[in-house]
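**Student:** The structure under discussion is supplied below as C-alpha cells; questions concerning it will follow.
The values are calculated or read from the model by the stated rules, or taken from the named source; none is laboratory data. This one's a predicted model, so the numbers in the text were calculated from it and none came from an experiment. Neighbour counts run over all protein chains shown; Cβ positions are idealised from the backbone, glycine included. The accessibility values were calculated without ligands, DNA or RNA, using every heavy atom of the protein model including side chains. Shrake-Rupley method; radii C 1.70, N 1.55, O 1.52, S 1.80 Å.
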Amino acid sequence: MSFHKSKWWKESIGYQIYIKSFKDSNDDGIGDLNGIIEKLDYLKDLGIDFLWICPFYQSPMVDNGYDVSDFFKVDSSFGTIKDFKNLVKEAKKRKMKIIVDLILNQTSDEHIWFIESRKDKENPYRNFYIWEKGREKDEGLTEPTNWASFFGGSVWEYDSKTDEYYMKIFSKHMPDLNWCNPFVRKKMHEVAKFWLDLGVSGFRVDAAAHLGRKKKLVDSKLNNNDKYKKDWRMFSNLKETFIYLDEFNKEVFSKGDILTVGEVGGSATVKEAIKYSGIKKGSLNMVFNFDHCFCNNVYDVKSKDDKIKTNLIGLKRVFNMWHTKTYKKAWQPLYWLNHDHPRLLSQYGNEDEPFLSGSMLAVALYFKGGTPFIYQGEELGMVNYPFKKIEDFNDVSLINHYNHEKEKASFNKEDFIYQEGIRSRDNARTIMSWDNSKYAGFSNVKPWFHLDKNYEKRNVKNALKDKDSLYYFYQKIFKLRKDKRYSKTLIYGKYQQLLKDDEDIYCYLRKEDKEILVVANFFNKNKEIEIKGYKVKDILISNYKKENKNLKSLKLRPYEAIVYLVERDK
Ligand code: GLC
Ligand code: CA
C-alpha cells in the first residue's frame, strides 16, 4: 500500500466515547450502549464517520472497564450483546462505523483465567500470567525487580497462595497476560475475531507497546531515590512486542478492511512508531504517541504558585518532528486528548475564552494530515473539574499514587489535590453536557460522576441553537476536510512548518495540488507577523469576523486562527 492510497480510515473523522459518561438511557446514572444510539444523529451532524467506544466488556470496574473479566460479554451496566448489535446496525444506517478497545495487556483479577492461574503452580492457566519467585534480601523477601508500575508502587504483587509474585504494570487488580505463551496469543486473536464478527470496523489497541517484557529480570539502574524505578523501557516497545503484533496482524487484522490504532506509551520514538505502523510493513494502521501532551507544565506544577504556560516552541518541535519524519512512511492519528488526559481548554486553551481558544486549538490540529479523533465534549469546550478533596476523585491510578505518596514525610495533601486537579485523568471523565436540566440531560437520576462546572451554559442544546458556537466551528472544519477542492491537500499533503522560532504563533503549510496556510495565535494577546513568499487567494475558515488578508503584516488578535488558500507571490 502506498501512503496516498485512498482508505476509508484515512479520510474519516473519529470521535471517542467514554461510554460511562456519555448518555444514560435507563436512568441508573451510568452511560450505556443505548445512550450512544440515542445520540448517533447528533454525532452524524457534527461530521463524524466512526466512533471509538471505550471498553464496555464485563468488568469489576476497578479501572472503569479496562479490567476485563469476560471479553465476550457486555457488562450489564452498559447493556447487552443485543444492544451492541443494534448499535452497529443503527450506526451503519447512518454510514458510521464502530471501533472498540482491544485490551491485550491484562485481564481483571476476576477473570476466570486468573482465578485458575493463582490456584496452584500446576494449573493449566498458570502460564497465562507472569509469575516469578521473590528475591531473598537482608530485609526479607522482596519483589523480583525494582521496576515501578504506571499506577504507583511495584510492578509485582505478592500472592501468598503460591508464594510467588505476579506482574501487573497497572493495578494489582489487572494482572498482565503472558504474551510469550502461544495459547494466550491465540485466545486474544479469538477475542478480536469475535468482535469483528459482530460488525466492528476496527480496534484501538490498548497499551499496545507493553506486550513484550525484558526477559532478563534485571534491576533498573535509574539513579533516583524512588524505591521502585519508573523505567518504562523495561516493558515498552521491546522486540517481542513487534513480533506479537505482526502475528496478530497476520492472523486477524489483515483479513479485513479495518482501522487499527495502537496506544504506544512508554515514549515510543518516531522510528518505533514507523516500525509499528509503517505503510509497508507495520502491523497497525497508526499509533497514538503522547509527545504533544507534555508541552506545557501541567504535569510538573508543584503548587498553586506555579503558573501554567504552554511551551509553544516545544509543541511545534514535536508536531514538526512527527509530521515531517513520518510523511509517506506512516499514517498519523490527530488527537488533542483522550480519557487519560485533562481537558483541552484547561491544558492548552483558556477556560474563560472557550470559543476563541477552543477554535484556535482545533485549527492548529485538524488541518494537519492524518485521522482526527475528537474526544467527547471537546466540541463544546468542556473543562477540568474543580476537585477539592481526595474523595472527589475516582481514578484507580490516582488513588494508588495517593496511598503511596501519603506515606512520605514530604507529602503535602493540599498540593497533591491541586496537582491532580489540573492533570488528573478524571477531568476527561466528567459527564457529557447535553442540556441545562438538573443532570445535564445525561440522566434523570444523579450520575455516577461530576457534571461539567459550566454545563448550564455550555451544552449541546445551546450549542446547536447558536450558529457561532464551537460545535459549528468543528463541523465546518470537518466539512472542509471532506470538501473535494481541499481534501487531497488536507488529508495527504506535505507538512511544512513556518516561523519555527516564534514563541506565540503556530504556522504551517499543507501542500499537494493546492497550498493551504494555517495560522494560529496560541495566546491571549495581539501579535503581528510577516509571512513571506505567499499571497492569499481565499479564506477557508477563521475564528474572527473581518479577517486580515495581508500576509506581509498580519495583525493577529488574541487566539486568532485563520486558514488560507494561498499561492506563491513572485
Ligand atoms: C490505557 C488506557 C487507560 C488504562 C490503561 C490500562 O493506557 O487508555 O485508560 O488505564 O491502558 O488498560
Ligand atoms: Ca444506564
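**Student:** Might you let me know whether segment 143-156 holds any residue that is assigned to a loop (DSSP other than H, G, I, E, B), on the phi < 0 side of the Ramachandran plot, modelled with pLDDT under 95 and open to solvent by 30 Å² or more (accessible area, probe 1.4 Å)?
**Tutor:** Within segment 143-156, none of the residues are assigned to a loop (DSSP other than H, G, I, E, B), on the phi < 0 side of the Ramachandran plot, modelled with pLDDT under 95 and open to solvent by 30 Å² or more (accessible area, probe 1.4 Å).
**Student:** Could I ask something else about it? From the list Asp24, Asp67, Asp28, which residue is assigned to a loop (DSSP other than H, G, I, E, B), away from ligand 1 (no atom under 16 Å from the Cβ), open to solvent by less than 10 Å² (accessible area, probe 1.4 Å) and not polar (S, T, N, Q)?
**Tutor:** The match here is Asp24.
**Student:** Do the conditions hold for Ser443, that is, is it at pLDDT below 95 and farther than 30 Å from Ile516 by Cα?
**Tutor:** no
**Student:** While we're here: Taking only pairs six or more apart or across chains, which ones have beta-carbon atoms under 7 Å, a first residue in segment 249-263 that is open to solvent by 10 Å² or more (accessible area, probe 1.4 Å) and within 15 Å of ligand 1 (Cβ to nearest atom), and a second residue that is among the small types (Gly, Ala, Ser) and not in a loop (DSSP other than H, G, I, E, B)?
**Tutor:** Glu263/Ala208
To keep it simple, each residue is scored yes or no on (1) among the hydrophobic types (A, V, I, L, M, F, W, C); (2) open to solvent by 30 Å² or more (accessible area, probe 1.4 Å); (3) in contact with a strand residue (DSSP E or B) (Cβ under 8 Å, 6 or more places away or on another chain); (4) under 20 Å from His401 (Cα atoms).
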{"site": "Pro124", "(1), (2), (3), (4)": "no, yes, no, no"}
{"site": "Glu139", "(1), (2), (3), (4)": "no, yes, no, no"}
{"site": "Tyr158", "(1), (2), (3), (4)": "no, yes, yes, yes"}
{"site": "Met167", "(1), (2), (3), (4)": "yes, no, yes, yes"}
{"site": "Phe194", "(1), (2), (3), (4)": "yes, yes, yes, no"}
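**Student:** Inspect segment 202-210 for any residue being crowded, with 19+ Cβ neighbours inside 10 Å, among the basic types (Lys, Arg) and at pLDDT below 95 and give the result as yes or no.
**Tutor:** no
**Student:** Here is a follow-up. Within segment 31-52, restricting attention to residues that are assigned to a helix (DSSP H, G or I), free of Cβ contacts under 8 Å to residues at least 60 places away in the same chain and more than 16 Å from ligand 2 (Cβ to nearest atom), which residue is surrounded by the fewest Cβ atoms within 10 Å (Cβ to Cβ)?
**Tutor:** Asp41
**Student:** Of all the residues that make up segment 508-539, how many are hydrophobic (A, V, I, L, M, F, W, C) and within 28 Å of the chain's Cα centre (by Cα)?
**Tutor:** The qualifying residues number 8.
**Student:** Would you please name the residue that is farthest from the chain's Cα centre (by Cα), looking only at residues in segment 216-272 that are farther than 28 Å from Ser12 by Cα and small (Gly, Ala, Ser)?
**Tutor:** In this case the residue turns out to be Ser220.
**Student:** Can you confirm whether segment 492-508 contains a residue that is buried (at least 21 other Cβ atoms within 10 Å of the Cβ), in a helix (DSSP H, G or I) and in contact with an Asp or Glu (Cβ under 9 Å, 6 or more places away or on another chain)?
**Tutor:** Scanning segment 492-508, I find no residue that is buried (at least 21 other Cβ atoms within 10 Å of the Cβ), in a helix (DSSP H, G or I) and in contact with an Asp or Glu (Cβ under 9 Å, 6 or more places away or on another chain), so the answer is no.
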